[in-house]
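Shown next, in structure tokens, is the structure this report addresses.
The values are calculated or read from the model by the stated rules, or taken from the named source; none is laboratory data. Remember, predicted model here, so these are calculated numbers, not experimental data. Surface accessibility is based on the protein's heavy atoms, side chains included, excluding ligands, DNA and RNA. Shrake-Rupley method; radii C 1.70, N 1.55, O 1.52, S 1.80 Å.
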Amino acid sequence: MPGVPAGPVTSRVPGGAAMAAAPHGTPHPQQGPEQRRAADIIRLLTLYRPLLDAFIIDFFTEDLWAQLPPAWQPALASATPVQLAGLLGGRGGTGAAWPLSLLAFAAAARALAFPRGCPGGSPRPPCQSSQLHPLLRRHVKPKKQHEIQRLGKLLRRLSRATGCERVLDVGAGQGHLSRFLAFGLGLRVTAVESDGRLVGLAERFDQELLRELAKTRGLAHRGPPLRPLTPRAPQHVAGRLDPAAPWGEFLLPPDPPGAGPAARNPLGGPGGSEDGGRVLVTGLHACGDLSPALLCHFARSPAVAAVALVGCCYMKLSAAPQQPPGYPPGYPLSASVAALPGHQLSYRAREAACHALEEYEGRLRGGSAHLRAHCYRAALESLIRAADPGKRHLGLQPGRKAHALGFPQYAQLGLPLAGLDPAGIPLDSGAVGAMLEQQHKVVAFCTLGQLLAPAVETLILLDRLLYLREQGFHCALVPLFNPRFSPRNLVLVAARTPLAAVLAGLDKDGEDGDSSEDEDLGEGESPQEEQSRHSPQ
């Protein structure tokens, strides 16, 4: 790849933070803060695109280290993992003497990314959430308990503000969020899932809960007071979203073929739901193009009063030329971002946006054995390419704990997956040893890519925010989940009416007499402050 620039020039971003910017072009004076931030991110990514687009498994085969600015190389090569963690998190590192151009790069990347909330507290959620009814915890992992509880609180506020008791949960999976909204919060929920097998599993879990609820009715609950459950199960529908169809005809048959016919659209025709009312739409980690498609349905469907979405799998987003006529692109969605030169994002860049920055920083600070995984894979890639140059970037999975092995054992697991015989490849040669001795450089290179990842995610979410703004809607991005164990923690909220009352104090303990819903979450600044800074009404 071409060399990474050694030193950016500086510009300013909202709030006065210095940023890296290309020497050409300045923001249009009539641009709003979101457009300026998007333009600034694109300029930063353009400067460091070779770093962002690099595949770490090519570290040895393409000599990625040599592509770094010469002024950066000595400091990065001698840095300890703890010092790299300080560079990544902006909290300093003992004894680190970074070049000013590297510090400017890191500061720019952090300043342009949306704040993700304070990642304090435990790196893992409690084993069980004390704020969820025990029957709603069954089959639900602690991370998901945290997410459905927090998103449910937001949706309940949206329900009260809009007067909508009907919720459409798209991409519902096993129905954990839908079950909490229906049984726990008393909302009328329709859960849409493309995998018919998951729909059947969700319905089975609903029936289990109903049976247990009937058994335990009248029995005293031990522990903190909890909201009583409502014996109202969600309605589950097997179907896929058609992004180009009118709202009343948005369901396609489910996956896989033959899993069952799509039910009649439970939301009825243009008037909204079957009873003529309006609906709220939500998606918890709506994958790839699903999030943009739901936003387009919201924009053109008066029946949808509000939407709350958490995206994921950005590498699956499609570009405009890849979509059939009438289908919205996954990215860019807004006219504002589409008009900016250099807005395109490679597959590698979008994949990087899905990384868990806080988790990686924690591994650096703890000297985790996981840090050798990238070096192992890069060395394995070098061996594979030497044996067969036609085999490149194969999706090999030697095992979840393969990093805990010695490299010869790791390679003996990985080479057969590439169709190669380990017996014919020397695994203890001097060349292999030389690569393994550069693990610290591989880790440092990874850290630089991790620095850019939140800026890429911010650009993708800004694009969605600007699309909604262009349509005249009220919208905000809220860091709703704890990023330490829920990396995709930014929720895009949009409505046809102002959101200030909905978002005010969302991170505070309790509401309307409820017990604390944020215990030990270590939340950062309030969503209301986020809204005023990044998405004024």
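Couple of notes before you dig in:
- Given a 1.4 Å probe and the protein chains as shown, Arg91 ends up with an accessible area of around 140 Å².
- Amide H contacts under 5 Å for Val189, placed H, 5+ residues apart: Val167, Gln235
- The listed residues Lys144, Lys316, Lys153 rank as Lys316, Lys144, Lys153 when sorted by accessible area, largest first, using a 1.4 Å probe.
- Applied to region 302-316, the Karplus parametrisation 6.51 cos²θ - 1.76 cosθ + 1.60 on θ = phi - 60° returns per-residue 3J(HN,Hα) values of x, 5, 8, 6, 7, 9, 9, 10, 10, x, 6, 6, 5, 5, 8 Hz, with x for Gly and Pro.
- The listed residues Met435, Met315, once ranked by accessible area (1.4 Å probe) with the largest placed first, stand as Met315, Met435.
- Across region 433-442, computed HN-Hα scalar couplings (Karplus, 6.51 cos²θ - 1.76 cosθ + 1.60, θ = phi - 60°) run x, 5, 5, 5, 5, 9, 4, 5, 6, 4 Hz from first to last residue, x flagging Gly and Pro.
- Asp63, Asp388, Asp58, reordered so the largest accessible area comes first (probe 1.4 Å): Asp63, Asp388, Asp58
- Phi angles of region 473-488 translate, via the Karplus equation with coefficients 6.51, -1.76, 1.60 and θ = phi - 60°, into HN-Hα couplings of 8, 7, 8, 7, 10, 10, x, 7, 9, 6, x, 5, 10, 9, x, 8 Hz per residue; Gly and Pro are given as x.
- Area of Arg110 that stays accessible when all protein chains are in place (1.4 Å probe, Å², to 10): 90
- Accessible surface of Tyr347, taken over heavy atoms with a 1.4 Å probe and every protein chain present, rounds to 120 Å².
- Spatially proximal lysines relative to Lys141 (Cα-Cα < 28 Å; intrachain offsets below 8 disregarded): Lys153, Lys215, Lys316, Lys401, Lys508
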